[in-house]
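Structure, as structure tokens:
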Amino acid sequence: MDHAQQLDALHERTRMFMRADSTYDVAQIATDAARDLLGLEVNSVLVYDDNLDALVPLTETREGRALFGEYPIFYAGEGFVWEVFETMEPQLYEDVSAEPGVYNPETPIRSELIFPLGEHGVFIAGSTTARDFDEQTKSVASVLTANVEAALDRVTREETIKQLYLQLEALIRANTREEVATLAVETVRDTLDLPLSGIYLANRARTALESVAVTDQFQEQFGTAPSYDRTAPSRSIDSVIWDVYERGDTVVINDVCENDAIEATETPARSGIIHALDEHGVFITSSPDTHAFDDTDKALTDILATTITAALDRVEHEVYLRGQKTTLETENERLEEFAHVVSHDLRNPLTLATGRLDQVQDEYESESLEEIDAALERMETLIEDLLTLAREGRTVADFEALSLEDVVRQCWHHLDTDNATLTITDDCTVRSNQSRFSQLFENLFRNAIEHNEGPVTLTVGPLRDGFFVEDDGVGIPPADRDQVFAAGYSTNDNGTGFGLRIVQEIVDAHGWEITVTEGSNGGARFEITNVPLPS
């Protein structure tokens, strides 16, 4: 097979490399191609094992196994293969028996061809005949191993990304800032193979970025992890890191000695990547070597930093929600105690007083007795309003699709509306709780009727993002509109001051909004908006 034919055949194998999804598959394709296309019957792919610090045979030909029985493992510094792996320079040995430093002086191999495969390992081919490899073989083998290295890069990158996303799933489920930081440095160490990394989070006063988690290798290389002070930075690196944090930026430092902002004697690191984690802090990975980070490192650490930020956001939000839950539980307990007092300690004497008054009214007719009866009724209304506020709370459950018109007419039917008229402009559907939605309208209607001495017309209808209730009465002065929802506020001597407060609570519980404006006929208009309405 001539040179052109070999290259054409190799092009076909390249497609196989692109489909391979593991390091072993790539190595096996390479071994088969070298034997079938280049006639290299004895060849092997050796990969670097980080745990052993050695080049370990991954694939070999049948002929190689027959010749050697078992391929050796080459530990650091052993043999020509290690020299090629370290120097990244391919070597052709015409007769290894004549070379000083041969790994095995008794080897049957005479000609040997070794190509580096980047950080992955080496490709090695041998022959029992001296000077058996010509320049054509070396040239085509160079093309083959370049394709092998590219395929191994791709497979390694894809595997790293798969592992990274598995780690990120665990990271995003972390429950504390410390757990997020610990999982993050484990991920950058084990998955991204960047062992000198740490997470530094801002203290409560935002005056220092404090170490929360660093890798063991970081401590071995650099000693105790520092904090970075903003108010009184003792080192130039403090200012650099705080600048990155406050800008919310990412900075890649390829050579500390060439960075004018950093005093190189302050740190043993010679390159690094600093990622801001929004307001939480910074994520730093560094190296004692210059230009230690390639584009893949930068892209993957950026993905990790984004996930760390999201995880810290979630933790912070959940801490807030737990605090809110505790506050609400405490508040609900107090409200329940209050409701108990109102229901029993106030209502029982009121019931007794009402019963005695009825007995007296059966025997006597008096304007004073009527005034007492009105006062007792007002007290009963006040108690009902207080219990509504206390027991209903600020949440709504059991939502259902409700007809605005149906609910409004039911509420109107339950009220004393002899001196009032109702108009409904149109209907719409609102998702709410039947009881709470009815309470809202009952209190708005009662408010309009009680605060207008003469006949009053109430109009209800839908808005683009909600609904409105307005009357044609005396209205609410602009200066008072901010106060009308305050508990106890009323302009009517007979009012409890809780009706509109109940309305506000119901609106808030739904996540809606309510505003008070002037009605189309001069009265008061209440607009409830931010209500999701079916299209």
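Coordinate-derived values only; no laboratory data. Just so it is clear, the model here is predicted, and its values are computed rather than measured. A quick note on method: Cβ atoms are made from the backbone with ideal geometry, for glycine too, and the neighbour counts reach across all protein chains shown.
What is the sum of charges, Lys and Arg at +1 and Asp and Glu at -1, for the other residues whose Cβ falls under 9 Å from the Cβ of Gly466?
That sum, taken over residues with Cβ under 9 Å, equals -2.
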**OP:** Kindly state, to the nearest 0.05, the FRET efficiency for Leu328 paired with Glu527, given R0 = 25 Å and r defined as their beta-carbon distance.
**Re:** 0.35
Original post:
region 174-307: D in µm²/s via Stokes-Einstein (Kirkwood Rh, Cα pairs, 4 °C, 1.567 mPa s)?
Top reply: 88 µm²/s
Original post:
Normalized C-alpha radius of gyration of the chain, against 2.2 N^0.38 Å?
Top reply: 1.69
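Kindly work out what percent of the DSSP beta bridges joining two residues of region 404-484 are antiparallel, to the nearest 5.
55 percent
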**OP:** Would you mind checking the tilt of helix 347-363 against the longest principal axis of the Cα atoms of the chain, expressed as 0 to 90 degrees and rounded to 10?
**Re:** 20 degrees
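What per residue convex hull volume, in Å³, do the alpha-carbon atoms of region 3-161 yield? Kindly include the intermediate steps, with their values, before the conclusion.
On the way: hull volume 15.8 nm³, N = 159.
Here the figure is 100 Å³ per residue.
Based only on other Cβ atoms within 10 Å, what is the fewest-to-most ordering of Ile161, Ile476, Ile308, Ile449?
Numbers: Ile161 15, Ile476 22, Ile308 29, Ile449 19.
Placing the least packed residue first, the sequence is Ile161, Ile449, Ile476, Ile308.
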Subject >> ³J(HN,Hα) computed for each position of region 131-148 - Karplus, 6.51 cos²θ - 1.76 cosθ + 1.60, integer Hz, glycine/proline x >> reply: 6, 8, 10, 9, 5, 4, 4, 5, 5, 5, 4, 5, 5, 4, 5, 5, 5, 4
**OP:** Compute the length gained on full extension between Thr515 and Ala76: take 0.36 nm times their separation in residues and subtract their Cα-Cα distance, giving the result in nm to one decimal.
**Re:** 150.3 nm
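I need the peptides 300-307, 251-258, 358-365 ranked by packing, meaning the mean over residues of other C-beta atoms within 10 angstrom, with the highest value on top.
Details: 300-307: 19.4, 251-258: 15.8, 358-365: 9.6.
Going by the mean number of other Cβ atoms within 10 Å, highest first, we get 300-307, 251-258, 358-365.
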Original post:
From the backbone phi of region 504-520, what are the Karplus-calculated ³J(HN,Hα) couplings (6.51 cos²θ - 1.76 cosθ + 1.60, θ = phi - 60°) in whole Hz, Gly and Pro given as x?
Top reply: 4, 4, 5, 4, 4, 5, 7, x, 8, 10, 9, 9, 10, 9, 8, x, 5
Original post:
Taking Cα atoms, how many degrees apart are the long axis of helix 236-247 and the longest axis of the chain, rounded to 10 and kept between 0 and 90?
Top reply: 50 degrees
Original post:
Can you tell which of Ala353, Ala141, Asn521 lies farthest toward the positive end of the dipole of the chain, using +1 and -1 charges on the Cβ of basic and acidic side chains (Lys, Arg; Asp, Glu)?
Top reply: Ala141
Original post:
Which length gain, in nm to one decimal place, applies between Asn175 and Asp53 when the Cα-Cα distance is subtracted from 0.36 nm times their residue separation?
Top reply: 40.2 nm
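Going by average Cβ neighbours within 10 Å, how do the peptides 58-70, 429-441 rank, with the highest at the top?
Details: 58-70: 15.8, 429-441: 18.9.
Taking the mean over residues of other Cβ atoms within 10 Å, the ranking is 429-441, 58-70.
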Original post:
Looking at Thr156, Leu58, Thr307, which one has the Cα that reaches farthest to the positive end of the dipole of the chain (charges on Cβ: Lys, Arg +1; Asp, Glu -1)?
Top reply: Leu58
